[in-house]
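Values in this text are rule-based calculations from the coordinates and carry no lab data. Computed from a predicted structure; not experimentally measured. Note that we place each Cβ from the backbone using ideal geometry, even for glycine, and neighbour counts take in every protein chain shown.
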Amino acid sequence: MAYREEVLMKRVAIRFDDGVFYSGLIQKVELSVGEDGKIESQHWVVFDDGDQRFFDIAEEEGDGRLKWEEKSQKASVASASNNSSGKRKAPDRATASGRKIKKKEEPEEEVDVTVVAVAQTRKKASLSKAKEDDETESDDGSEVQAEVQEDADYLDTLAPADFPDSIPKVIRLMDQLEPGMNYYERQADNRGECSKIRKKLRDFAQKEPDHPGIAHWVETKKWKPPNLESLRALIELLKTKID
């Protein structure tokens, strides 16, 4: 279901990946036709703290990250002091679909400090992993085998309550299990998010709804796997969908 003009000037609260719901007003709707011929919509939300981004409201609502508010309702806005940069963290999803709109007073080339920091962290992790490989790799490949076993053991230690509850978090877990593979960076769309890979998963779900890595989403529209088998299956499925 794609929300259209009927949601204009409606108030919503959207949960960002800091766990806080931020309130704002839908002030614009952009409609387009997707590759599958279906109508897709993006909604421009202007938040009470001045931030403004596009979201797919239906997708945010389906994933439990959106609440509708009464016009008179003004949810409290988290203080900027909670974030040393003065900005809240960009949504950890593509849904994290929110894409920021530049304000007129901002410079033409805006650098997202969060993205830069993540990129630097990944780079350091990749360099560190490469160095370790150079120092410890053996001719018989025993280190590689040990690493695979270590990854498997780590997943075994996770309780269902600790399973990642969004596709971005699953992919970041994959990067943690396999440093240097850069799964998140490889799949990121032009906003640095996960809209492309989620669309691939939704298309796959229409063809194979009973696949163990996606059946729980088909039933509940929630990405959090119900058990370890589903988590492993989702990880393996994502590996086949990430270019």
Can you tell me what percent of all Cα-Cα pairs in region 187-226 are more than 11 Å apart?
63
When the label point is put 7 Å from the Cα of residue 48 along its Cα-to-beta-carbon vector, which residues of region 1-30 have a backbone N closer than 13 Å?
11-14, 21-25
Multiplying the sequence separation of residue 71 and residue 227 by 0.36 nm and subtracting their Cα-Cα distance, what value in nm do you get?
52.1 nm
What full-extension length gain, to one decimal in nm, is calculated for residue 240 and residue 178 as 0.36 nm per residue of separation minus the Cα-Cα distance?
20.8 nm
Out of residues 5 or more away from residue 189 or on other chains, whose amide H comes under 5 Å of its own, with H placed 1.01 Å from N in the peptide plane?
194, 195, 196
Take every Cα-Cα pair in region 157-229 and report what % of them are more than 20 Å apart.
34
What is the extension gain from residue 27 to residue 154, computed as 0.36 nm multiplied by their sequence separation minus the C-alpha to C-alpha distance, in nm to one decimal?
41.2 nm
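When 9, 181 are ordered from fewest to most other Cβ atoms inside 10 Å of their Cβ, what list results?
So the ranking, lowest neighbour count to highest, is 9, 181.
Could you list, in their original order, any pairs among 169/241; 67/224; 10/221; 169/222; 38/224 whose Cα atoms are separated by more than 18 Å?
67/224; 10/221; 38/224
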For region 158-168, 3J(HN,Hα) per residue [Karplus equation, 6.51 cos²θ - 1.76 cosθ + 1.60, θ = phi - 60°, Hz, x = Gly/Pro]
6, 7, x, 5, 9, 5, x, 10, 8, 4, x
